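Have a look at the structure below, then the notes.
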Amino acid sequence: MIDRAPALTEKPSIRLGLHENIGQFGLLVLVNAFVGAMVGMERSILPAIAEHDFHLVARAAVLSFIVVFGIAKALANYAAGHLSDRIGRKRVLVAGWLVATPVPFMLMWAPTWNWILAANALLGLSQGLTWSTTVIMKIDLVGPARRGLAMGLNEFAGYVAVAGAALLTGVLAARYGLRPEPFYPGIVFVTIGLLLSMVLVRETRMHAALESRLHDHSEGAHNARSVFWRTTVTDSNLSSVSQAGLVNNLNDGMAWGLFPLCFAAAGMNLTQIGVLTAIYPATWGVAQVITGAVSDRLGRKWLIAAGMVVQAGGIIIVSIAQGFSGFAAGSGVLGLGTAMVYPTLLAAVGDVAHPLWRASAVGVYRLWRDLGYAIGALLAGLCADLVGLTATLQLTSAITFMSGVVVALRVVESGPSWADVSKASLQVVNSATTKEKGTL
């Protein structure tokens, strides 16, 4: 059974809300930037390393590192959600950083491709533990009123860092070569991220316990199996969100692996590839601050459905582009569509899941979502070998469009009324404070 939140005596200092927890929230945004930078450092150059240093020719073999990364991250996401409910968020976060410590060194000095695969397995485990936990902790801190904005800020930090690290390693590779210099920044990223998490980050389970007073407590008792089944199949919102997350990351796995190869085939140099590779996550990252907040006001359903359609359009543009400007436009449109979807999906999970099993539900959602990396890379590699890059991109676009249709047909709007939830949150906090004052 998933343990109910421990009996806690909330102090007056425990509050729900972005403003009330701005110090810890800002710290977690910074930590997630370093989480994103860790995966960004290999985003623009690892396909080139596969071909240049290890002489891999088949697209499926080149993209095998994404398959390994995606499976490892998906399983770690599930574990992170379950463990966060049982042993606390901070412990899981620190463990994730410890797992990441050997990754930059393995990428720098890997003598065989299997070492690269092992490094990506560790990177996937680390990303699942750290990124999932920062998501859960931010949801804990802000409460229900600004959940979309909180997720927008979280993903903004992570994916702007992905873009910055991708651009940085592309520039370093063009100047110094593919290895080892482009991976030196990774040592800095993992060191700072680990120290911040160990020394300054505080546990947030007590905030989830406070928020649980807003909910029907009969919804709080769920074991791991029931949460998994509900999030995957029986709840129309959670299951639709899970499939949309999977297809979203199927796109990302495809873009991660095939876009650099597509750009190189069109004659782009390493610096241009680094810039083009950064446009997509940079647009995604920056726009999420707006789209996350918009979902708090206008709702989740149609922003998700429309975002999937916009993503499909961006992929089509890249598939028919002939030069730098066309590739840049398609990457930007894909990033905008992803920004409409990404934080909104997380907020939608938070809307439906009870605080006492929310971390586990987030873990199940992120399990399916990040399996999309593996499925996307495997599908993209096999299809590219069989029918070529252009046809593979167009197939991915069609799958993405259909995912948006599923959301439009099955999801029931879950976005809360901001004003109503703000009042409810304030009432709970005031009630807790009054009760404690009466016991002093």
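For this structure, a couple of remarks:
- Residue within segment 47-61 that is over 24 Å from the mean Cα position of the chain (by Cα) and among the aromatic types (Phe, Trp, Tyr) present: yes
- Filter result for Tyr280 (more than 30 Å from His82 (Cβ to Cβ), buried (at least 24 other Cβ atoms within 10 Å of the Cβ) and under 16 Å from the mean Cα position of the chain (by Cα)): yes
- Taking segment 265-286 as the range and being over 15 Å from Gly314 (Cα atoms) and among the polar types (S, T, N, Q) as the test, the residues that pass are Asn269, Thr271, Gln272.
- Qualifying positions in segment 216-233 - buried (at least 18 other Cβ atoms within 10 Å of the Cβ) and at pLDDT 85 or above: Val227, Phe228, Arg230, Thr231
- Options Gly164, Gly158, Gly152, Gly267; residue that is surrounded by fewer than 24 Cβ atoms within 10 Å (Cβ to Cβ) and within 26 Å of Ile290 (Cα to Cα): Gly164
- The numbered conditions (1) modelled with pLDDT under 90; (2) aliphatic (A, V, I, L, M); (3) surrounded by fewer than 24 Cβ atoms within 10 Å (Cβ to Cβ) are all true for Ala391 except (1).
- The number of residues in segment 8-42 being assigned to a loop (DSSP other than H, G, I, E, B) and touching a Ser or Thr at 6+ places or on another chain (Cβ under 6 Å) comes to 3.
- Members of segment 340-356 found to be surrounded by 24 or more Cβ atoms within 10 Å (Cβ to Cβ), outside any loop (DSSP other than H, G, I, E, B) and touching a residue at least 60 places away in the same chain (Cβ under 8 Å), listed by number: Val341, Tyr342, Pro343, Thr344, Leu345, Leu346, Ala347, Ala348, Val349, Gly350
- Residue in segment 261-270 that is under 21 Å from the mean Cα position of the chain (by Cα) and modelled with pLDDT of 85 or more present: no
Per-residue answers, yes or no, for (1) over 20 Å from the mean Cα position of the chain (by Cα); (2) within 16 Å of Leu30 (Cα to Cα); (3) hydrophobic (A, V, I, L, M, F, W, C); (4) part of a helix (DSSP H, G or I):
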residue: Ala121; (1), (2), (3), (4): no, no, yes, yes
residue: Gly124; (1), (2), (3), (4): no, no, no, yes
residue: Ser132; (1), (2), (3), (4): no, yes, no, yes
residue: Ala145; (1), (2), (3), (4): yes, no, yes, no
residue: Arg179; (1), (2), (3), (4): yes, no, no, no
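- Residues satisfying the stated conditions in segment 314-339, i.e. small (Gly, Ala, Ser), out of contact with any Leu (no Cβ under 8 Å at 6 or more places or on another chain) and surrounded by fewer than 24 Cβ atoms within 10 Å (Cβ to Cβ): Ala321, Gly323, Ser325, Gly326, Ala329, Gly332
- So Val35, is it in contact (Cβ under 8 Å) with a residue 60 or more places away in the chain, over 20 Å from Ala278 (Cα atoms) and out of contact with any His (no Cβ under 8 Å at 6 or more places or on another chain): no
- Residue list for segment 364-388, restricted to those being surrounded by 24 or more Cβ atoms within 10 Å (Cβ to Cβ), more than 10 Å from Leu250 (Cβ to Cβ), among the hydrophobic types (A, V, I, L, M, F, W, C) and more than 15 Å from the chain's Cα centre (by Cα): Ala384
- Hits in segment 129-179 - residues which are of a type in the set (Phe, Trp, Tyr) and either under 15 Å from Leu270 (Cβ atoms) or modelled with pLDDT of 90 or more (or both): Trp131, Tyr176
- The residue that is modelled with the lowest pLDDT, counting only those in segment 17-45 that are surrounded by fewer than 24 Cβ atoms within 10 Å (Cβ to Cβ) and over 15 Å from Thr204 (Cα atoms), is His19.
The values are calculated or read from the model by the stated rules, or taken from the named source; none is laboratory data. Quantities reported herein were computed from a predicted structural model and do not represent experimental measurements. Methodologically, a virtual Cβ is constructed for each residue, glycine included, from the backbone with ideal geometry; neighbour enumeration extends over all protein chains shown.
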